[in-house]
1. Considering only protein heavy atoms and a 1.4 Å probe, what is the carbon-and-sulfur percentage of the accessible area of segment A:278-336?
2. Which one, A:62, A:102, A:47, is farthest towards the positive end of the dipole of segment A:1-137 when Lys and Arg carry +1 and Asp and Glu -1 on their Cβ?
3. Return the equivalent ellipsoid semi-axes of segment B:133-254 as a descending list in whole Å, where each equals the square root of 5 times an eigenvalue of the C-alpha gyration tensor.
4. Can you give the FRET efficiency to the nearest 0.05 for residue B:149 and residue B:45, using r as the Cβ-Cβ distance and R₀ = 35 Å?
5. Using a Gaussian network model of chain A with C-alpha springs under 10 Å, which one of A:181, A:281, A:223 is most mobile by mean-square fluctuation?
6. How large is the convex hull of the Cα atoms of the protein assembly as shown per residue, expressed in Å³ as a whole number?
7. Using amide H atoms built in the peptide plane, which far-off residues or other-chain residues are under 5 Å from residue A:167 H to H?
8. ³J(HN,Hα) across segment A:300-309 via Karplus (A = 6.51, B = -1.76, C = 1.60, θ = phi - 60°), whole Hz, x for Gly/Pro?
Amino acid sequence: MAQPDNFGFGEEAALLKASARKFFSEKFPTSDLHALVAGDHRPERGSECLWNSKLWQEMVDLGWTMLAVPEAAGGVGMPAVAVAGLAEELGRAAFPCPLLGTINATYVLAACDSAQSALAEIAGGCSASLAITNQAGSWSPGDTDVVWADGKLSGTAWYVQDARKVDRLLVSASSTAGVGLYWVAADAPGITLVPDTILDLTRDQAHVSFDGVAAEEVSANGLAALAEAMPAVWTVLAADIVGAAEWQLQTTVEYVATRQQFDRPLGFFQAVKHPLVDVMLQIDQTKSLVYNAACAIDSEPERALQYAHMAKASASETAAYASGRSVQCHGGIGFTWECYVHLYFKRQKHSQMLWGDAAWHRARLADIVIGPLAPAGS
Amino acid sequence: MSDSASKDSPEQAEFREYCRTWIEANRPPDPTVRLPLSALEIMTTEQLSYLQAWQKAAYDAGLVGCDYPAAVGGGGRKDCQRVANEEMLAARTPYFPNIIGLGMAAPTVFYHAQDELKERLLPRLFSGEDIWCQGFSEPGAGSDLASVQTFAERKGDKWVINGHKVWTSLAHFAEWMILLLRTDKSHKYDGLSYFVVPIRAALGKGVTVRPLIKITGETGFNEVIFDNLEVDDSYRLDELGKGWQVAMTTLLHERGAGELQTPRAGGLKSKGSHATTAYNLIDFARSAIRDGHPAAQDPLLRDRMMQQLICEAGLAQNQRRARVPALLDHPMRLQLQNKLLASEISQDTAALALEVAGASASLYLGDPNAPAGGQWNLAYMNSYGMTIAAGTSEVQRNILGERVLGLAKSK
């Protein structure tokens, strides 16, 4: 299948992206974000789950959480390029909410054989998150510490994103038959949710223990479903990174255009100007790769894996570089809690590693492009 | 069907089919001489004649200058040069020799010359019969281009030109030169004017062309000295004192950011020439043995090859996104990155290839054991031509910082 020249980014997608940007800039300026999540600066403040659930409900009412749900399951069935556009705007606002988790769960469920009722729940406004990572933090889909036996889940899922904000969990667990996927209410009896203390103030994270928890099996062949859906998971997160990096660039450019030293705005000096141009170059390459990957998910699925590895590898580099320059170019004020750049710095550091960092994705890309690495010693 | 074909207008679709059929039937025979990496390195008349014959054939068939009006020798089509380019690229045809003419002189002449001059110059430019060169840089005016000192003094209907231009690619074959010079010494920018000059006719009569030897040992560019050269006022483009504005048209097109699409054939991907791409690098790494194993099996080198591959894909997708307004926040943002990214990425790819080569990176052109005939070394050194010419990477970053990010001008 061939990709359309314009990434398939049509009028509806453009409208959605524009309205999302307007929504966040009007209803949730960065000052609100800072007031919401940065009230307590003490490192020992512990793990808090601070978010605006009223605005989240507005997003749900706008239908944003069901965009990726196929029409057959009661959703909107928007293409991945449109979803990427929304994720980019979410990242630009760094809005704390389980939108990405819900979208991730949607893509995995859509690749499962018997997930119609779970998808219908998402279409009905349920939020969800993936619980598919083990304690070692392996990003290889299917590496799970949870076991499925006698119709019950046991064990612990780690690095569960926005766990305290969601209604449902989509859990991967191993059984004698392989790795399956299971749909369960986040507050089901037997579930213990232990919040992690994390750097990122715009997310929450937890490890979730299952002690003989009854759950609905949505796929007995979880590896296949995850393999199909992970390119979308990586691409959507990469889109979020692009939006956040664009905020970092714009905010830093505004600062260096205003701040005067040596009788000139800082941006006059090439030691400041050129690195900011490099941030722009990285953002643009990542953004182009994100829409290429999203378009592949929609219309060239045989290339989606390869393109999504490229997008997330590029995004992780961009997250790191844009973050570093945003703090450095702000100088002393950038090193303080009162300056907003730390909110995005921390969100980006989290996104950089989440679902695989640049080296992880490049290693897998190399396996595809060059061929697998021969075993050591051969 | 190619990706881009799916979005063709009816005119483009029909033209694409025509191009494909014509190329299939008229592909030139393989050259009997080694062709250089690009037209900028043409050294011999044998190389030039082969490439000129190809450009003339393509022009006569309507594949060059497609989007220019018929009155100036163009095809009078709409957005069809891109189609012809895509088909020639896909067919890996040879490149065109008149690269400065097509990419820089043609749009400048088209936008700024009198009709009579356009009608006279452009057909022979498109056909490649007249090779063009560019007289911009001088020994004292590189990145600070507006400080050029070559001076034209008025003498009735004529101008008398004195000065010294450098890095003039193709001047030794060129009939014509686009020339930025000074007509007023009291104003830096507003004292500049722009001419087209028939330099070949004036060799030995006011014009001297001397080859400069490049870092690679190849010739290809020159210095050009003007010693009381008389030219007619009708060769002036646009108004007196508007040279800087005219030069911006040239530079915009040179950097691939102009309105008119430059006719391009095979370029670096043409048959028989060596492309500095990550895929070629990966192929090379499969056969390059390091510590008894193919370099393609070294995890660190694999990682760096993937970095290059991703950057190349990012650039290609930028070019695609540049045509999707809904995914652009600033109209010039991607176009202005093109030259900077393309030159730096290929430089890094060539540099990595030389690391992959290990000990054999020491072997140069002519050594029977040199990997790829020494082409990686050649490509690496030539890549500095790309990051320096047409505005150095540093100047490109200034332009991007100032015009796109809106930061204070560094001059």
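The values are calculated or read from the model by the stated rules, or taken from the named source; none is laboratory data. Keep in mind the model is a prediction, meaning the values are calculated, not measured. Cβ coordinates were reconstructed from backbone atoms using ideal geometry, including for glycine residues, and neighbour counts include every protein chain displayed. In case anyone asks, the SASA skips ligands and DNA or RNA and just uses the protein heavy atoms, side chains included. Shrake-Rupley method; radii C 1.70, N 1.55, O 1.52, S 1.80 Å.
1. 55 percent
2. After comparing all options, I get A:47.
3. Equivalent-ellipsoid dimensions as semi-axes: 22, 17, 12 Å.
4. 0.60
5. Result: A:281 has the largest fluctuation of those listed.
6. Here the figure is 177 Å³ per residue.
7. A:127, A:128
8. Calculated HN-Hα couplings, in order: 8, x, 5, 10, 4, 4, 4, 5, 5, 4 Hz.
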